[in-house]
1. Once the Cα atoms of helix 156-167 and of the chain are each reduced to a long axis, what angle between those two axes, in degrees from 0 to 90 to the nearest 10, is obtained?
2. Let me make sure I get this right: for region 1-108, a, b and c are the square roots of the gyration tensor eigenvalues over alpha carbons, sorted descending. Under 1.5 in a/c it's rounded, otherwise prolate if a/b > b/c, else oblate. Which is it?
3. Provide the gained length on full extension for the span residue 179 to residue 48, in nm with one decimal, where the gain is 0.36 nm per separating residue minus the Cα-Cα distance.
4. Which distance in nm do the two modelled labels at residue 66 and residue 197 give, with both placed 7 Å along the Cα-to-Cβ direction?
5. Please arrange 256, 272 by how many other C-beta atoms lie within 10 Å of their C-beta, fewest to most.
6. To the nearest 10 degrees, how steeply does helix 270-283 sit against the main Cα axis of the chain, on a 0 to 90 scale?
7. Once each part is reduced to its C-alpha centroid, what is the distance from region 228-288 to region 1-53 in angstrom?
8. Take every Cα pair under 8 Å in the chain that's 6+ residues apart, average their separations, divide by the length, and report that relative contact order as a whole percent.
Ligand code: PXG
């Protein structure tokens, strides 16, 4: 049976899920999206993802032609028609088809698309041994140009940094902000552990307000750890005891090397292991 995609209020076979070549989502990257997971039949933090989708849309002056409840229900229905319990969900809202010009007023019918598929994770060895990452020369978008808080269809900033990582043989790359401080990775937020305290860049560093980031801050706090959101320098990572990334696809993944230099002992640390284990239980609704 073919995978079903939600588009224009209907479920259609994957091969038939198509939008106009005049859609400004394609022509200009004019639109927003979300990457979401479901575990054991439950969508993880669905309300937060739907809220962020609507906030991203609001920030780009795009009116989603559905209510939050309708979008949430469409996500649940898309999982159900595909019989998925553990899946990756991509919700997309485009500006809609228009003329060959930037003006969003010349577009009609924003497209709401929901794709669910199986998730491809980082290979298991990286969860055991940690990722090696590099610092990309490409800095994160200046918040006054395109706020990194918007999950927009224009990911070129991150893609340029991702290419730098790939060329250096790394699966992720660290991005600094316009002021030279640590921002985030191309598709993940970053944390360090130093002397038992968890540190992560604050949202005003110009980063995506990651939903996994929020969940891990809650989790660490519940486990009695102090969590500090602050301005961070690359120096802080190079001198940390532990480092890890958080993201919908990655969950909690250790980083053991930055720019060829081992972080801490160069092995996955105990706090990272504990948080990863607790996160995996939490998302499945198990006691952690
Ligand atoms: N920073 C950026 C720039 C992201 O794109 C995160 C942090 C983590 O946020 P969440 O809310 O997921 O904890 C992201 C999310 C992909 C992919 O296909 C990337 C993301 C989400 C889903 C899929 O690489 N990035």
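Read the figures in this text as sums done on the coordinates, not as results from a lab. This structure is a prediction, so every number in the text was calculated from the model and none was measured. So basically every Cβ, Gly included, is an ideal-geometry build from the backbone, and we count neighbours across all protein chains shown.
1. Taking the Cα atoms of the chain, the angle to 156-167 is about 50 degrees.
2. Verdict is oblate for region 1-108.
3. That works out to 44.2 nm of additional length.
4. The modelled label-to-label distance comes out at 4.4 nm.
5. The most exposed by this proxy come first: 256, 272.
6. Between the helix axis and the principal axis of the chain, the angle is about 30 degrees.
7. About 29 Å separates the Cα centre of region 228-288 from the one of region 1-53.
8. 17 percent
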